Amino acid sequence: MEKFIQLLVYGLQLGSIYALLAIGYTMVFGIIRMINMAHGDFLMMGSYAVFFIVSLFFADQMLGPAIALFVILAGASITGFIGVGVERIAYKPLRNRPKISSMIAAIGVSLFTQNFFRAIPFIGPNPRTFPKLLKDVLFYVGPIQLSLVRIVVIILSIVIMSVLYFIIMKTTIGMEMRAASCDKDASSLMGINVNRVISATFFIGAGLAAISGAFYANNYPVLTVTMGATLGNKAFIAAVIGGIGDIRGAVLGGFIMGVIEIMISSVYSELAYGISFVVLIIILLLKPEGLLGKPMIEKV
Amino acid sequence: MNWLRKNSEVIILPLIYVVIFLLQKNKILNNYVIQIIMLAGVNIIMTQSLNLVNGMTGQNSIGHAGFMAVGAYVSALFSKIIFNAAAMPPTMQTIFFLLATIAGGIGAAIFGFLIGMPTLRLKGDYLAIVTLGFGEVIRSIIRITPAVGAARGLTGIPKLASLFWIFVFVVITIYICRNYMDSAYGRGCLAIRDNEVAADTMGINTSKYKVQAFVTSAFIAGIAGSMYAHTLRYLHPDVFSYTKSTDFLVYLYAGGVGSISGSILGAFILTALPEVLRFMNEWRLVIYGGLLVIIILFRPVGMFGGKEFAFLKLKTGGIQHIGFSNLFQRKTKKTIVANEEASR
Amino acid sequence: MSILKADHISIQFGGLKAVNDFSLDLEQKELYAIIGPNGAGKTTVFNMLTGIYQPTQGSIYIDGKLMAGCKPYQFTEAGLARTFQNIRLFHGATVLDNVKMAHSFKTDYNFFNMLSRTGKYHAEEKRITEKSMELLEMFDLQDKKNFFANNLPYGEQRKLEIVRALATEPKVILLDEPAAGMNPNEIDDVVSLILRVQKDLGKAILVIEHHMKMVMKIAEYIKVLDFGETISEGTPEKVQNDPKVIEAYLGGHANASRN
């Protein structure tokens, strides 16, 4: 039982990382119906951004919680702007093309960024060690050993997701996003600046990816240029499981993926990656639109 | 003579092989270059296979390396573990190589059927997600199966594939795909791609046509897998990762999706390109990625989209014919292409 | 012997009854029309008659064959073809290929004949091409056979849709607003085309149309739908003078003046 709760905490923490990443997939899909294959690379860029901020300004210091949070947010906004730039350059011209074109463009972007980061001298092909942002404190609840940083990551993720949900449901830009995801043409006729909405979506998506990158790197402190690919795939699955296009679905899917993965790897670690896809395929066969997704009806 | 003029490919295709063969014999092309050419052949077969699904039927498979993995491992099992082909006389080796290849193709086709049957019924992009998942599941299964070397990889596969056989299979694949596209089966698939609802009401059993194309495609991918296994003689599950699948997607879409010639040229050029760019060291893949984005941005139909080699004699699709048989044919086939850009 | 028979069909989407208790009995060479205001459920009737939607109640017979649970392609196999309100051509294919595509399900060679290109394949392809060209010539589209379908002018796209539907060799053909968006001259062309299909080719036709003049000219029998209910039916003269129809089209005013 203690083991189970401990694994559950691990799973929820990994799940919150997936959830943050999956939100980006789902928001981009919801608005421009595109699977952004380069989304995992935003996670990579974000964690590198945080890494460089820390090693430039706070080398060899233990950061306080406030500064750590500030550093992560700074990294997130840098990545957010990169995301906006990527969309403007590589995806925007393809908006009216078949969706697969922009997916191929995204693969190109992914190839480009990964190899670009590998090629530029101050990043290079060798893995970097991510600095500990916070001193971890272990504490006991009864017989169960818990790590403070893990709990903080889970709580922080939930807070961020709630803020995002608030933004989408209650603010003007959120309403514009929801309108644009229903019908881009109609909403631009209603005076919504669709370009701005899409940019905002990419900013938020990439920013959240960066935050999840920092959280991930805090636990698995090895940075490589390809770290985003596998994580990105898993987050994508999470988004699909939850019902792509729905933010609550992405969060739910992310947590499900995280918990399943940790539970299975505690038994047989080689299987974890494969099983998550089996879960995905089963869910899709039973409920093709995902757990929280609505079925799409084609009008004839 | 007239017949030869019309069917110049009967001469030209063997000629291409003879030229490569002579260059190899005379050491003008070293083994490394020949190996690249062989891999390009494998990639051409894979891209053809992907074109049947993504180009012709309009479904999106983004995990095709999974079928290649099945083909590679099944054929390697056949030729190395079940029958020890390495210890056979050359004639028997050839026979067993062909049998292993067919076994690989059938293995992949079975998986294609199992994947395609439930998913292709669904409308929407489920095939993309399920094929992506399938590729990764296969990889995980291979990783934990000791019989095929698990995570260490499978070594010591007999070197049975040769330039000749790869060339033969490339040609066979091209003609199979051509015949497919230029038939009622292919037209049914093209109709589904263009408008699924209309195709359905025109009497086309959409799920049947989609599954047929998908299983054929998986079969061809399995054959490519066998070629790959018997060329490199070493298989590792991570080779067939999602990255490998995206490579084929890139070849297909940069070459020209829906076009057989486009997928041939795309696969060949983009396999060769990183090798040509090798002098740029770590920057070569940066350029490769950038180039890909530029191609998609400025030529969304791909480099050869909407065009076909004249020697394929494709009738379907109102395609612009390009290519070498025009040299021998006095009349070039003039197909009115009112606006090939707008059409795709 | 009725070619197309709908026996009290209804369909419900969630709580909404889109079409209620619709019946139809169409015989050879007959030309029926369905009219009604926007949102009356006309296209929904078509979608049920072609198998795209399954009626929640009632049954459909084509040529005496019960079509319960059948997919659209089986409806076509049984002898029914349709066109669409918003044109649905195979836009990436040429005009000729569009027609050839509609022949797919009637092709008499199997998978291996196709892959190895046996004599049967060549003979069958020749037959299909000839038949398609025949159809195109019949409707004056033969000169444009190599045009991409989406490069045809609007009127010809509609015409091509009818030709494509005919290529499936149907017994009955359903036309969903064949004259939508056309000018009076073009409408005359469509009228003569429809009459040719009916008289010369002997097909039964069911047509949805908003253009009243045209409907009154061609239809032998009209069914009027409003809010999913069949409010009136009969010959054009009878329907034209039915106060219920006038009310449906003009709204409460007619109602007020009548009382």
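Within segment B:237-264, the set of residues being more than 9 Å from every other protein chain (Cβ to nearest Cβ) and of a type in the set (Val, Ile, Thr) comprises B:239, B:260, B:264. On inspection, residue A:238 qualifies as farther than 24 Å from residue A:146 by Cα, outside any loop (DSSP other than H, G, I, E, B), in contact with a Gly (Cβ under 6 Å, 6 or more places away or on another chain) and within 14 Å of another protein chain (Cβ to nearest Cβ). All conditions in (1) surrounded by fewer than 12 Cβ atoms within 10 Å (Cβ to Cβ); (2) touching a Phe, Trp or Tyr at 6+ places or on another chain (Cβ under 9 Å) hold for residue A:131, with the sole exception of (1).
If you take the residues in segment C:59-89 that are at pLDDT below 90, in contact with a helix residue (DSSP H, G or I) (Cβ under 9 Å, 6 or more places away or on another chain) and away from chain B (no Cβ under 14 Å), which one is surrounded by the most Cβ atoms within 10 Å (Cβ to Cβ)? That would be C:63.
Please verify whether segment A:67-78 includes one or more residues that are β-branched (Val, Ile, Thr), modelled with pLDDT of 90 or more, assigned to a helix (DSSP H, G or I) and within 18 Å of residue A:200 (Cα to Cα). Yes; the residues of segment A:67-78 include at least one that is β-branched (Val, Ile, Thr), modelled with pLDDT of 90 or more, assigned to a helix (DSSP H, G or I) and within 18 Å of residue A:200 (Cα to Cα). Provide a single number: the residues in segment A:36-60 that are crowded, with 24+ Cβ neighbours inside 10 Å and more than 17 Å from residue A:210 (Cβ to Cβ). Residues in segment A:36-60 being crowded, with 24+ Cβ neighbours inside 10 Å and more than 17 Å from residue A:210 (Cβ to Cβ): 1 in total.
The helices (runs of 4 or more DSSP H) falling completely within segment C:99-170 that include 1 or more residues that are more than 11 Å from chain B (Cβ to nearest Cβ), surrounded by 14 or more Cβ atoms within 10 Å (Cβ to Cβ) and in contact with a helix residue (DSSP H, G or I) (Cβ under 7 Å, 6 or more places away or on another chain) map to C:119-138, C:154-167.
Take segment C:70-93 and flag every residue that is of a type in the set (D, E, K, R) and in contact with a strand residue (DSSP E or B) (Cβ under 6 Å, 6 or more places away or on another chain).
C:82
Scanning for something closer than 30 Å to residue B:286 by Cα and either modelled with pLDDT under 90 or not hydrophobic (A, V, I, L, M, F, W, C) (or both), does segment A:255-273 turn up at least one residue? Checked segment A:255-273: at least one residue is closer than 30 Å to residue B:286 by Cα and either modelled with pLDDT under 90 or not hydrophobic (A, V, I, L, M, F, W, C) (or both).
Every condition in (1) more than 10 Å from chain B (Cβ to nearest Cβ); (2) closer than 18 Å to residue A:46 by Cβ; (3) surrounded by fewer than 24 Cβ atoms within 10 Å (Cβ to Cβ) is met by residue A:116 except one, and the failing one is (1).
Among the residues making up segment B:198-251, those that are of a type in the set (Val, Ile, Thr) and touching a Lys or Arg at 6+ places or on another chain (Cβ under 8 Å) are B:201, B:231.
Remark: pairs (first residue in segment B:144-155, on the phi > 0 side of the Ramachandran plot; second residue surrounded by fewer than 13 Cβ atoms within 10 Å (Cβ to Cβ) and among the aromatic types (Phe, Trp, Tyr); Cβ separation under 8 Å; 6+ apart in sequence or on different chains) are absent. The set of residues from segment B:148-166 being away from chain A (no Cβ under 14 Å) and part of a loop (DSSP other than H, G, I, E, B) comprises B:153, B:155, B:156, B:157, B:158, B:159, B:160, B:161, B:162. Hey, does segment C:231-238 have a residue that's crowded, with 18+ Cβ neighbours inside 10 Å, touching a residue at least 12 places away in the same chain (Cβ under 8 Å) and part of a loop (DSSP other than H, G, I, E, B)? Among the residues of segment C:231-238, not one is crowded, with 18+ Cβ neighbours inside 10 Å, touching a residue at least 12 places away in the same chain (Cβ under 8 Å) and part of a loop (DSSP other than H, G, I, E, B), which makes the answer no. Looking at this structure, is residue A:18 assigned to a helix (DSSP H, G or I) and in contact with a His (Cβ under 6 Å, 6 or more places away or on another chain)? No. Would you be able to say whether some residue in segment B:51-66 is free of Cβ contacts under 8 Å to residues at least 40 places away in the same chain and aliphatic (A, V, I, L, M)? No, that holds for no residue. If only residues of segment A:122-155 that are of a type in the set (Gly, Ala, Ser) and either in a helix (DSSP H, G or I) or at positive phi (or both) are counted, the one that is nearest to the chain's Cα centre (by Cα) is A:124. Looking at segment A:1-25, which of its residues are under 22 Å from residue A:77 (Cβ atoms) and either acidic (Asp, Glu) or out of contact with any Phe, Trp or Tyr (no Cβ under 9 Å at 6 or more places or on another chain) (or both)? Residue satisfying the conditions is A:23 alone.
The values are calculated or read from the model by the stated rules, or taken from the named source; none is laboratory data. These figures come from a predicted structure and were not determined experimentally. Counting neighbours? That spans all protein chains shown, and the Cβs are built from the backbone with ideal geometry, glycine included.
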